[in-house]
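The structure under discussion appears below in the form of structure tokens.
The values are calculated or read from the model by the stated rules, or taken from the named source; none is laboratory data. Keep in mind it's a predicted model, so treat the numbers as computed, not measured. Ideal geometry is used to build each Cβ from the backbone, glycine not excepted, and the neighbour counts take in all protein chains shown. These area figures cover heavy atoms from the full protein model, side chains too; ligands, DNA and RNA do not enter into them. Shrake-Rupley method; radii C 1.70, N 1.55, O 1.52, S 1.80 Å.
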2 protein chains.
Amino acid sequence: MYAENNESMKNAHPHIIGYEETLEGREFFAAISPLDGQTLPGHFCNATETEINHAAQKAAIAAPAYRNATPEQRAAFLNDIVRLLEERTAEIIRICDLETALPETRLQGEMGRTCNQLRMFATQITDKTFLEEIHEEALPDRVPPRPDLLRKYIGIGPVVVFGASNFPLAFSVAGGDTASALAAGCPVIVKGHPLHPYTSQLVGNCIRDAAQNTDMPDGVFSLLHGKSNRVGQQLLAHPAIKAGAFTGSQNGGRALLQMVNQRHTPIPFFAEMGSVNPIVIMRDSLEKNYEELASGILNSCTLGVGQFCTNPGLVIIEKSAVQEQFLKLLHEIVCELKPGPMLSAEIANNYMAMKRAIASRHIVKIIGKAQSEGKYAEGVPCVMACRASDLLQAPEIAEEVFGPSTMIVLAEDKNEILQVLSVIGGQLTTTLFCEKENLPQHQDLLDKMAEIAGRVLYNSYPTGVEVGLAMQHGGPWPASTDSRFTSVGAQAIFRFLRPVVWQNFE
Amino acid sequence: MYAENNESMKNAHPHIIGYEETLEGREFFAAISPLDGQTLPGHFCNATETEINHAAQKAAIAAPAYRNATPEQRAAFLNDIVRLLEERTAEIIRICDLETALPETRLQGEMGRTCNQLRMFATQITDKTFLEEIHEEALPDRVPPRPDLLRKYIGIGPVVVFGASNFPLAFSVAGGDTASALAAGCPVIVKGHPLHPYTSQLVGNCIRDAAQNTDMPDGVFSLLHGKSNRVGQQLLAHPAIKAGAFTGSQNGGRALLQMVNQRHTPIPFFAEMGSVNPIVIMRDSLEKNYEELASGILNSCTLGVGQFCTNPGLVIIEKSAVQEQFLKLLHEIVCELKPGPMLSAEIANNYMAMKRAIASRHIVKIIGKAQSEGKYAEGVPCVMACRASDLLQAPEIAEEVFGPSTMIVLAEDKNEILQVLSVIGGQLTTTLFCEKENLPQHQDLLDKMAEIAGRVLYNSYPTGVEVGLAMQHGGPWPASTDSRFTSVGAQAIFRFLRPVVWQNFE
């Protein structure tokens, strides 16, 4: 599995452990072009247990000093990361494009978002109304007397962040998890995603350099490479680690959560694991807008070759006069679409296998699919359909298929829609399309949608997650491990903060 | 183990399952007087699996309706519980005194606190600044456009609350966990503590009656009795349950957390498991105030026969000229103290056994203890001492001894104090005594104290937990399962709320 030769060792990139660079292991790997399967230049190596322990110990030593850094000092650190990312954008995007095959415009946008996230946290932590202190003054004459109490947040301690394959910038080395943890005053160890290791290295260098520029303690940031699951598991098991954050598949998230549950000392572990993000279209809306809806859904569903966690994988439509026209139009549009390169051959193969398994069920019909171009790691857009009554008997056909496909669910009435929403599990988002004047009739649907999701949308598409104060990106299991927290937006910082109350200090 | 006879069955009290009462099981138990070991009147029965499922299903059915109740409606429900508790206080306290042997004045105070907690949550949920909605208006002209986003909290779903033995009112059936969960819009199933079942029944009746008076949905509240661990375990394992709250021992909390970790669908489980609540006394303070400190510490340590979770079980003193006088004074005071009845013979036996095991170590010295009166379930106050250097080699002697004992740790210098604080694990509270003018020298101690605890006190005692907006009652493991949350004070509600963002609804 691992290339072991002098060439690998000569070219291999080191792990970043605080202000050191190390390369002790012998399990080498390289990135693979998703366009043609060619090995890309540059070798990387699974971090060894010694390197993992070293990074964790450095983070533990850095933690008290970094916790005591003022919000302004931490903000300066975050802003200097932005400065370096912007300075080195061209090189980072060039490499990232090679490793992920994501188009340059998308990566430019993602770099912008990455920098905006860092800037947002830099602003929020210096805003006293956001991380509000609560002060209850002493009431010495009350019976019993009230002591002076001052409640403040402090960082929870060293955080392990897992880079995500599908957001090589915005949810990887300097992404939202890292930004929110660093903003909270927590040292961060990133386990880089093996599909874009060189991108990770370049971004990791920016963070390390910014830490040095702004006099942050050695150990405030480390980047460990790893293709083996062992690296992440050993990191999460280390006693110095106080929290974890992961964006990825349900299988990956579940496996890591099991690791965390075996720790002697429990820690919060936030995994955002995606979902099918059901869209419900009521009769009135479909009859009025079916053309717009057909193209809107396929656009949302195939964005980024269907590799967004808010990708709509289930579209439940209420029976209507235009149902056949809608399906026909979906057929026409999807057949004209082009396949796109997915992030890796493995992801593309999984997509194909899951799609085939579902399409092979006699209760599922293929409405249409794009023409394969026979390319390496291609993701071929596809629309399937089934009856709601069949889905209720076999809810496994509604499981997430990571890629550019969607399942149209034909429901007889609202009651069937409610039943489908009840069996599909927790979601990042749910969406309702209906005419404004009929919205008040659908409080029952909205209640159910809020019950199963962290974000409920009206007459719009779930892809495109606004990064701000109000965003909630998370939801009931299995969309995330803890529906009370979010991985996107300013509130993401609360995953890594804990309150301490100071009694009788005034 | 279980009395099975007609007498038990005739007198047995039913479980409260929504607006029904049931009694299907045959595993009977009764409360025992902690004063003399006599069986108290009234029998109770372990809830059966059928009853557990029934309560969980009722809670699941009640959840959507109760979630949609307005804050004002939920506040009316909470306030009606208070009205009934106050109306029935005399009877509740009479029974509670029999079951717990806690003195009437203490129980009067605890009833006041219980009612205040319910009133506080009723007030907070109708205060828009507390459960703040975040609204980010649409910016259609921005590139890309920002959608309208409105972030609101909703209840997480049915919550299982475990009644605590040491707070038969304030952290039992209508205690802080129940009050915060009901305030959050979550149905509650209480697993009553078997040491005070009749108290639980009387309080449960108040909640049930208040729910009916204020037209809350059937199933918003249930009370299941249980002496067997099975009852709580089956409740926590039920798929309809969305969160759990527990106050009790580390062993109990760990066992339940393991159950939760085995669920197919993970849920948040908040356990507050107590701690040794170290007090650090610096030389200046000891030399100036050793007399006051000796009586203050013993008072805090023996309050409620040492059965508070904030009971100071470790007192670390910096070497000083008055060390011997301080120990001598502790000896004199503790020898004059009277034993008190603990909550049960089992708790008293555990206390005695743990105390003996620790005192038998050659590195531990008994400074003094009160005279046993040979009574049933008595807790005999005791002061032990050890050197910090010995404790560092054998940190298990610093483990929590639930009862009226404390360990004085003799430290050579601040460095040893810091080392002791580093090995004793997470705490609910840490306390520093030093003279005001020297406080700035001890930032290192305060940093360490905040790192390991949820509440840091200055020149005061940790027992007595203020119930307000600023309180943090929780701390790093093993003091609690999640240091980001509190079980006391207004913030306790956030354990049971999750944000949902509504996109594009305006």
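Within the stretch A:98-112, the set of residues being open to solvent by 60 Å² or more (accessible area, probe 1.4 Å), without any contact (Cβ under 8 Å) to a residue 24 or more places away in the chain and assigned to a helix (DSSP H, G or I) comprises A:E104, A:T105, A:Q108.
For the stretch A:469-490, the count of residues that are more than 20 Å from the chain's Cα centre (by Cα), touching a residue at least 24 places away in the same chain (Cβ under 8 Å) and either more than 8 Å from chain B (Cβ to nearest Cβ) or farther than 28 Å from B:A65 by Cα (or both) is zero. For the stretch A:129-151, residues that are among the charged types (D, E, K, R) and touching a helix residue (DSSP H, G or I) at 6+ places or on another chain (Cβ under 9 Å) total 1. Within the stretch B:58-109, which residues are of a type in the set (A, V, I, L, M, F, W, C) and in contact with a strand residue (DSSP E or B) (Cβ under 8 Å, 6 or more places away or on another chain)? Correct list: B:A59, B:A63, B:L98, B:A101. The residue of the stretch B:67-78 that is nearest to B:L40 (Cα to Cα), among those that are open to solvent by less than 70 Å² (accessible area, probe 1.4 Å) and of a type outside the set (A, V, I, L, M), is B:F77. When you scan the stretch B:78-92, do you find a residue that is at pLDDT 95 or above and either in a loop (DSSP other than H, G, I, E, B) or under 30 Å from B:N251 (Cβ atoms) (or both), even just one? Within the stretch B:78-92, one or more residues are at pLDDT 95 or above and either in a loop (DSSP other than H, G, I, E, B) or under 30 Å from B:N251 (Cβ atoms) (or both). Would it be correct to say that A:R142 is open to solvent by 20 Å² or more (accessible area, probe 1.4 Å) and closer than 26 Å to A:F28 by Cα? Against the criterion (open to solvent by 20 Å² or more (accessible area, probe 1.4 Å) and closer than 26 Å to A:F28 by Cα), A:R142 does not qualify.
Could you look through the stretch B:448-463, keep only residues that are more than 11 Å from B:Q427 (Cα to Cα) and at the interface with chain A (Cβ under 7 Å from one of its Cβ atoms), and pick out the one that is surrounded by the most Cβ atoms within 10 Å (Cβ to Cβ)? Filtering the stretch B:448-463 for residues that are more than 11 Å from B:Q427 (Cα to Cα) and at the interface with chain A (Cβ under 7 Å from one of its Cβ atoms), the one surrounded by the most Cβ atoms within 10 Å (Cβ to Cβ) comes out as B:L457. Taking the criterion of being among the charged types (D, E, K, R) and assigned to a loop (DSSP other than H, G, I, E, B), would at least one residue in the stretch A:465-472 satisfy it? Within the stretch A:465-472 (the criterion being among the charged types (D, E, K, R) and assigned to a loop (DSSP other than H, G, I, E, B)), the answer is yes, since at least one residue qualifies. Take A:A348 and decide whether it is open to solvent by less than 30 Å² (accessible area, probe 1.4 Å), in contact with a Lys or Arg (Cβ under 7 Å, 6 or more places away or on another chain) and more than 22 Å from A:L428 (Cα to Cα). Spelling it out, it is not the case that A:A348 is open to solvent by less than 30 Å² (accessible area, probe 1.4 Å), in contact with a Lys or Arg (Cβ under 7 Å, 6 or more places away or on another chain) and more than 22 Å from A:L428 (Cα to Cα).
Scan the stretch B:15-24 and give yes if some residue there is of a type in the set (A, V, I, L, M) and within 22 Å of the chain's Cα centre (by Cα), otherwise no. There is no residue in the stretch B:15-24 that is of a type in the set (A, V, I, L, M) and within 22 Å of the chain's Cα centre (by Cα). Condition check for A:E51 on (1) open to solvent by 80 Å² or more (accessible area, probe 1.4 Å); (2) assigned to a helix (DSSP H, G or I); (3) touching a residue at least 40 places away in the same chain (Cβ under 8 Å): one failure, at (1). Candidates in the stretch B:176-204 are the residues that are out of contact with any helix residue (DSSP H, G or I) (no Cβ under 8 Å at 6 or more places or on another chain) and part of a helix (DSSP H, G or I); of these, the one that is farthest from B:R94 (Cα to Cα) is B:G204. I need the full set of residues from the stretch A:362-387 which are over 14 Å from A:A348 (Cβ atoms) and part of a strand (DSSP E or B), in order please. Of everything in the stretch A:362-387, those that are over 14 Å from A:A348 (Cβ atoms) and part of a strand (DSSP E or B) turn out to be A:K365, A:I366, A:I367, A:G368, A:K369, A:V383, A:M384, A:A385, A:C386, A:R387. Screening A:G163, A:G155 for residues that are surrounded by 24 or more Cβ atoms within 10 Å (Cβ to Cβ) and within 11 Å of chain B (Cβ to nearest Cβ) leaves exactly one candidate, A:G155. Scanning the stretch B:305-332 for residues that are closer than 22 Å to B:A411 by Cβ and aliphatic (A, V, I, L, M) gives B:L314, B:V315, B:I316, B:I317, B:A321, B:V322, B:L327, B:L329, B:L330.
Across the stretch B:113-125, not a single residue is classified as at the interface with chain A (Cβ under 10 Å from one of its Cβ atoms), free of Cβ contacts under 8 Å to residues at least 40 places away in the same chain and touching a helix residue (DSSP H, G or I) at 6+ places or on another chain (Cβ under 9 Å).
Quick grid of which residues meet (1) over 14 Å from B:S172 (Cβ atoms); (2) within 20 Å of the chain's Cα centre (by Cα); (3) surrounded by fewer than 21 Cβ atoms within 10 Å (Cβ to Cβ):
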| position | (1), (2), (3) |
| --- | --- |
| B:G192 | no, yes, no |
| B:N205 | no, no, yes |
| B:R208 | yes, no, no |
| B:Q250 | yes, yes, yes |
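With respect to B:Y198, determine if the residue is open to solvent by 20 Å² or more (accessible area, probe 1.4 Å), among the hydroxyl-bearing types (S, T, Y) and away from every other protein chain (no Cβ under 14 Å). In short, yes. Taken over the stretch A:273-293, the residue count meeting the criterion of being in a loop (DSSP other than H, G, I, E, B) and within 30 Å of A:E332 (Cα to Cα) is 6.
Rundown of residues vs (1) away from chain A (no Cβ under 14 Å); (2) buried (at least 24 other Cβ atoms within 10 Å of the Cβ); (3) within 15 Å of the chain's Cα centre (by Cα); (4) part of a loop (DSSP other than H, G, I, E, B), yes/no style:
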{"residue": "B:Q234", "(1), (2), (3), (4)": "yes, no, no, no"}
{"residue": "B:G253", "(1), (2), (3), (4)": "no, yes, yes, no"}
{"residue": "B:P266", "(1), (2), (3), (4)": "no, no, no, yes"}
{"residue": "B:A271", "(1), (2), (3), (4)": "no, yes, yes, no"}
{"residue": "B:S295", "(1), (2), (3), (4)": "yes, no, no, no"}
{"residue": "B:S300", "(1), (2), (3), (4)": "no, no, no, no"}
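Of the residues making up the stretch A:404-445, those that are more than 25 Å from the chain's Cα centre (by Cα) and either of a type in the set (D, E, K, R) or open to solvent by 10 Å² or more (accessible area, probe 1.4 Å) (or both) number 19.
When the stretch A:273-292 is filtered for residues that are open to solvent by 30 Å² or more (accessible area, probe 1.4 Å) and touching a Ser or Thr at 6+ places or on another chain (Cβ under 8 Å), the ones remaining, listed by number, are A:R283, A:E287.
When A:V500 is tested against (1) facing chain B (nearest Cβ under 8 Å); (2) among the aliphatic types (A, V, I, L, M); (3) open to solvent by 30 Å² or more (accessible area, probe 1.4 Å), only condition (3) is not met.
Inside the stretch B:321-345, residues that are in a loop (DSSP other than H, G, I, E, B), open to solvent by 20 Å² or more (accessible area, probe 1.4 Å) and of a type in the set (G, A, S) make up a count of 1. All conditions in (1) in contact (Cβ under 8 Å) with a residue 12 or more places away in the chain; (2) more than 17 Å from A:V488 (Cβ to Cβ); (3) touching a helix residue (DSSP H, G or I) at 6+ places or on another chain (Cβ under 7 Å) hold for A:Y458, with the sole exception of (3).
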